[in-house]
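See below for the structure under consideration.
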Ligand SMILES: Nc1ncnc2c1ncn2[C@@H]1O[C@H](COP(=O)(O)OP(=O)(O)OP(=O)(O)O)[C@@H](O)[C@H]1O
Ligand SMILES: [Mg+2]
């Protein structure tokens, strides 16, 4: 009976955890954002892979709804290039799905035979209605989108709705996968900035989530983004919150299996407090021990096995995106003392002279760095320094090279 107890841990992109540990400050900040009048600041949620951006975004939705805000949005993680036209269609589609159940359109028609009075017909507002506004508005994409959104505001004026939150996950793709000569990111920023400048009862807020490349990209697109956004940088969980992330799901699911203090602290150590790793390791430990619960032993962490499984599942697919020379380059980075935080091109160049037979020149290093940024392995922050986009990447690389040198 015990052996079929459900595993309460959920490693996986966007998998809602049974218990969202920490992040209360971030949720409070978002609540304050909703209380602004007029709206001056929008929100950006950034952080490394697996740090919990998507699930935090999911948790902001009920907060907004409880305050009579509508919520709409989408995941922009598609490989196809995002054009202005597609972004517009998506925004208008999202909007029509949202307004359809709330806003009716009325039309008057003269019945056949002219005998009766005018007939009043009503129908929910549809995509076609909104798209029609888009298409008949003269001007550029942003003029058209502004017209649609302004109209939406008017439609909602007489309801109790305070506004609409537009939430877009993986928003760095707006810049990264933009088609040639298209500037969907700038369009989006211009539209929201302009609508927010005109005071109105019904407000709009933009919430963008993505890798840390997102904010620098926004700044490149429009310098005013600095004033337009509050940036919430998600980091690893504190030891207390990590502990809660491990213990609460066991408690909440009334798990027959519990972890000792020793096991909990080992898991925290191995995970570095990063949510994805916490979920992953806990799931592994749970699966390994639930079948043996009748033996009455305390679960232990099979460190070596779990790490090698994690390497295969999480790190290797990312590592394999790099060429041999790029991997060598990242090996040099992983040997730096500051490999887990920020590093400069110069630091890599000088470390490469001692670590490798043939070091990297400055221009070659810059070139490789931008290729790695392109592949999503590294990101460049606003001050021109670099970091790994994946947490605990340096330790993984060191493990790989230790393995090679021990063969
Ligand atoms: N605060 C938290 N407490 C407990 N678990 C969490 C927390 N935040 C995230 N997780 C777990 O971590 C994993 C990764 O979360 P999520 O997909 O939201 O990360 P992300 O930052 O969006 O990652 P990516 O950059 O890959 O999109 C999920 O399994 C999720 O359940
Ligand atoms: Mg995500």
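The values are calculated or read from the model by the stated rules, or taken from the named source; none is laboratory data. Fair warning: this is a prediction, and the values are worked out from it, not measured in the lab. Neighbour counts run over all protein chains shown; Cβ positions are idealised from the backbone, glycine included.
Looking at residue 220 and the list (1) more than 25 Å from residue 381 (Cα to Cα); (2) surrounded by fewer than 17 Cβ atoms within 10 Å (Cβ to Cβ), which single condition is not satisfied?
All conditions are met except number (1).
Please go through segment 188-243 and pick out each residue that is closer than 30 Å to residue 264 by Cβ and in contact (Cβ under 8 Å) with a residue 40 or more places away in the chain.
Listed by number, the residues that qualify are 209, 211, 212, 232, 233, 234, 235, 236, 237, 238, 241, 242.
Evaluate the following for residue 49: is it touching a helix residue (DSSP H, G or I) at 6+ places or on another chain (Cβ under 7 Å) and near ligand 1 (Cβ under 8 Å from one of its atoms)?
The answer is no for residue 49.
Go through segment 380-392 and give me each residue that's modelled with pLDDT of 90 or more and either under 14 Å from residue 51 (Cβ atoms) or in a strand (DSSP E or B) (or both).
386, 387, 388, 389, 390, 391, 392
So, residue 40, is that one assigned by TED's automatic domain parsing to the domain that holds residue 188, farther than 30 Å from residue 255 by Cα, in contact (Cβ under 8 Å) with a residue 60 or more places away in the chain and loosely packed, with under 15 Cβ neighbours inside 10 Å or not?
Against the criterion (assigned by TED's automatic domain parsing to the domain that holds residue 188, farther than 30 Å from residue 255 by Cα, in contact (Cβ under 8 Å) with a residue 60 or more places away in the chain and loosely packed, with under 15 Cβ neighbours inside 10 Å), residue 40 qualifies.
Can you tell which of 272, 291 is away from ligand 2 (no atom under 16 Å from the Cβ) and either out of contact with any helix residue (DSSP H, G or I) (no Cβ under 8 Å at 6 or more places or on another chain) or modelled with pLDDT of 95 or more (or both)?
Result of the check over 272, 291: 272.
Of the residues in segment 54-88, how many are within 13 Å of ligand 2 (Cβ to nearest atom), on the phi < 0 side of the Ramachandran plot and buried (at least 21 other Cβ atoms within 10 Å of the Cβ)?
3
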